[in-house]
Structure formats: structure tokens, C-alpha cells
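What follows is one structure encoded as C-alpha cells, with my remarks underneath.
A short reminder: the numbers here are calculations on the coordinates, not readings from a lab. Owing to the predicted nature of the structure, the values given are computational and were not obtained by experimental measurement. A quick note on method: Cβ atoms are made from the backbone with ideal geometry, for glycine too, and the neighbour counts reach across all protein chains shown.
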């Protein structure tokens, strides 16, 4: 009879640990999803004709940045790079740190948004959708507008 009680106690302990871990993971996921939803989509009506031309190369795409005051800055970026991140680094529009997760952008056009220092971050958009991949992993597509939006936490 004691063996059964010991196994039952072990099983209950394992279930409690599993449920606790699942609750922690679900809370973290909810927190991440909530933070991502707070990033406002960049305006989609920016005229490419008013954008500054920057860089050289055979591929050109429009890049917009919305600063902390809501002002929109726009560039037509010409490059021979294949990813948005490489192109923006090439023309010195972004700065950041390379991590195991990719390029963590800290500055766009000289404006810093560092979560630790400024309680803000740069939200990366492909069109009017928040990107599911980093800027350094995003291939340049013809006709797509890319943007970074300053997002306070």
C-alpha cells in the first residue's frame, strides 16, 4: 500500500510542476503578444516621390521610419544587397547588435530606441503588418514598403 501512495505523490508532484511550467510559458506568450499589439502600423499613404533617395544599386525599395513624435521619415533605398537589413546597414540608416536571434536594431536614422535604456523598441513592419522575421532575415521584395516604428513600452 505504501508503494502506491509514493507513486501517487510523485505523479501529483509531476503534474503540478508541468502545470506550473505551462502557466509560466502561457503568461510569457501573452505578455509578448500584448507588447507586439501595441506597435501602431506605419502610415501606408507616404508618397515615394517625397522620399529621399539614398544608396546605389539595381534594387530600390521604400523605407519609412516613424519617430517617437509620430513624424514619418521616408527613403527610397537603392542597393545590391538581398535583405532589407543588409541594405539599411549599408546606407547607415540602422544600427544594432547581432545576437543569436539576429540583428537587434537599436538606432534608426540616429534615433535610439533601446528597451533597457529608453523603455522603447523599434517595431519592424513589412507593408502594414508587423514582421514575423528580423530585418536581417527579410528578403527585399519588389513593391513592398518596409518600416520601423518607434514604440514605447
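Can you figure out the FRET efficiency of residue 115 with residue 14, using R₀ = 35 Å and their beta-carbon distance, to the nearest 0.05? Could you put the intermediate results ahead of the total?
Values: r = 36 Å, r/R0 = 1.03.
E between residue 115 and residue 14, to the nearest 0.05, is 0.45.
Rounded to two decimal places and with Rh computed the Kirkwood way over Cα pairs, what is Rg over Rh for the stretch 48-152?
0.93
What translational D, rounded to a whole number of µm²/s, comes out for the stretch 59-117 from Stokes-Einstein when the hydrodynamic radius is the Kirkwood one over Cα pairs, at 25 °C and 0.890 mPa s?
Approximately 199 µm²/s, per Stokes-Einstein.
For the residue pair residue 129 and residue 99, what label-to-label distance in nm results when each label sits 7 Å from Cα along the Cα-to-beta-carbon direction?
In this crude label model, residue 129 to residue 99 measures out at 2.4 nm.
Which translational diffusion coefficient, to the nearest whole µm²/s, is obtained for the stretch 98-153 from the Stokes-Einstein equation, given a Kirkwood hydrodynamic radius over C-alpha pairs, 20 °C and 1.002 mPa s?
179 µm²/s
How high is the relative contact order of the stretch 48-152, in percent, with contacts defined as C-alpha pairs under 8 Å that are six or more residues apart?
The value is 29 percent.
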